[in-house]
Amino acid sequence: MKIDKNAVYGVYIHIPFCLKKCAYCDFASYPNLLSKADSYLEDVATEMKQYKGIYANSVYIGGGTPTCLKKEQLLKLVDKIKSTFLLTDDCEFTVECNPKTADYDYFCALNNVGVNRLSIGVQSFNEDELKLLGRAHNAEEAKECIQMAKKAGFLNYNLDLMFGLPNQSLLDFKKSIHDALALEPAHISCYSLIVEEGTKMCDMVNRGELILPDEDEERRMYHALIKILSDNGYEHYEISNFALRGMQSRHNNKYWNREPYIGIGAAAHSNIGDFRFGNPPELDLYTDIVKNNVPDGRETEKLTAEDKMSEFIFLGLRKTEGISKIKFKDNFGIDIYEKYGEQIKKFCGLKLLEDKSDTIRLTSAGIDVSNSVFCEFL
Ligand code: SF4
């Protein structure tokens, strides 16, 4: 795999530590392991070295909970990133944060070293829902955290919300949206809960202790989300993402636009040239790869032309602006109708896709069944 030194990359650094494990979480995140943070950060710094002098216009420190780290540890990591990559002047530099893990001083320190965007995991402003989700914070702490971030100078921040939660009503969800709006975030990401196998929540649902809203109610929540956020000036630019004008996430867009990105840390994935590769989520296996140079611990995939074409479609269709037929032809040297005419005509006939001038995009009805649409392009 060859790194193009002239390309501009996105950089993702994974911090796999959390205060506690949320009931629904199947991410690579480990509670009670902060004692390993120093050695983990050394591994991250070692892995990063190979990318010295690469241009980056987006950095995202995510997790896990990066702000679980001591302030000095996170600042040292930021410093390492700045001395490794050539960050563009307009580089979007995001740190993910959870309420209860950062205070005013912590935010001021991040702001001072050039972090210019926060992504704050709130998920809900309803106390019962937060307890069911097993979050480490309550609603008041979430609001205080956001106010401290604003006071420290962060005006560009994302709030994460969730819907389709156990026992959640449409009214409860609307109230959480309005609570979020009152805090004036530049960006809102809002995903429907997926109950993943092996999580505490999955066990509770299987035992009948938790009841999820039915599909119709879940869709009503999603439609309410779009309506309320649109009425309040947020552009619905991707299935689950909303932003004020000019505040779309560059980090997220890189993924949907299939632009190159470098993932560093346990469970982090990279997209470089025709290759996708990911580090293992287990900390000891990750250390093995970095310290002992055990490359076959990485999951690597070389994309075929076929893979790239279907990625272009199903990642691009996630964006409400849709995909460009001209760009498809420029990228792959073949007309999109020659390759996918059957599927496009079928979904246009069902009014799940629309084809207007150069653009093919999901309709509102198509967004509701987007996964079924994407499947037919795989
Ligand atoms: S804070 Fe996020 S990463 Fe950590 S356990 Fe909860 S959902 Fe998982």
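The values are calculated or read from the model by the stated rules, or taken from the named source; none is laboratory data. What you see is a predicted model; the values in this text were computed from it and never measured. Here the Cβ is made from the backbone with ideal geometry for all residues, glycine too, and neighbour counts use every protein chain on show.
So, in the stretch 45-73, exactly how many residues are within 16 Å of the ligand (Cβ to nearest atom) and either closer than 15 Å to VAL113 by Cα or among the hydroxyl-bearing types (Ser, Thr, Tyr) (or both)?
4
If you scan the stretch 100-130, which residues turn out to be more than 11 Å from the ligand (Cβ to nearest atom), part of a loop (DSSP other than H, G, I, E, B) and more than 26 Å from MET204 (Cα to Cα)?
Within the stretch 100-130, ALA102, ASP103, VAL113, GLY114, VAL115, ASN116 meet the criteria.
Out of (1) without any contact (Cβ under 8 Å) to a residue 40 or more places away in the chain; (2) over 26 Å from ILE360 (Cα atoms); (3) under 25 Å from the mean Cα position of the chain (by Cα), what's the single condition that is false for ASN292?
(3)
Just to be sure I understand, how many residues within the stretch 16-44 are touching a strand residue (DSSP E or B) at 6+ places or on another chain (Cβ under 9 Å), away from the ligand (no atom under 16 Å from the Cβ) and either without any contact (Cβ under 8 Å) to a residue 40 or more places away in the chain or farther than 19 Å from ASN292 by Cβ (or both)?
Here the count works out to 1.
With the stretch 238-288 as the region, which strands (runs of 3 or more DSSP E) entirely inside it contain at least 3 residues that are surrounded by 18 or more Cβ atoms within 10 Å (Cβ to Cβ)?
241-243, 261-264, 269-272
State all residues of the stretch 131-175 that are more than 16 Å from the ligand (Cβ to nearest atom), in contact with a helix residue (DSSP H, G or I) (Cβ under 7 Å, 6 or more places away or on another chain) and aliphatic (A, V, I, L, M); if no residue qualifies, say none.
Within the stretch 131-175, MET148, ALA149, ALA152, LEU170 meet the criteria.
Which residue pairs have Cβ atoms under 8 Å apart, sit 6 or more places apart or on different chains, and have a first residue in the stretch 124-146 that is assigned by TED's automatic domain parsing to the domain that holds TYR106 and of a type in the set (Asp, Glu) and a second that is away from the ligand (no atom under 12 Å from the Cβ) and part of a helix (DSSP H, G or I)?
GLU127/ALA139; GLU129/ASP172; GLU129/SER176
Please specify each residue of the stretch 81-110 satisfying the condition of being surrounded by fewer than 18 Cβ atoms within 10 Å (Cβ to Cβ) and under 24 Å from TYR9 (Cβ atoms).
Hits for the stretch 81-110 are LYS82, SER83, LEU86, THR88, ASP89, ASP90.
Just one of LYS345, LYS351, LYS327 is in a loop (DSSP other than H, G, I, E, B), of a type outside the set (Gly, Ala, Ser) and at pLDDT 95 or above; which is it?
LYS351
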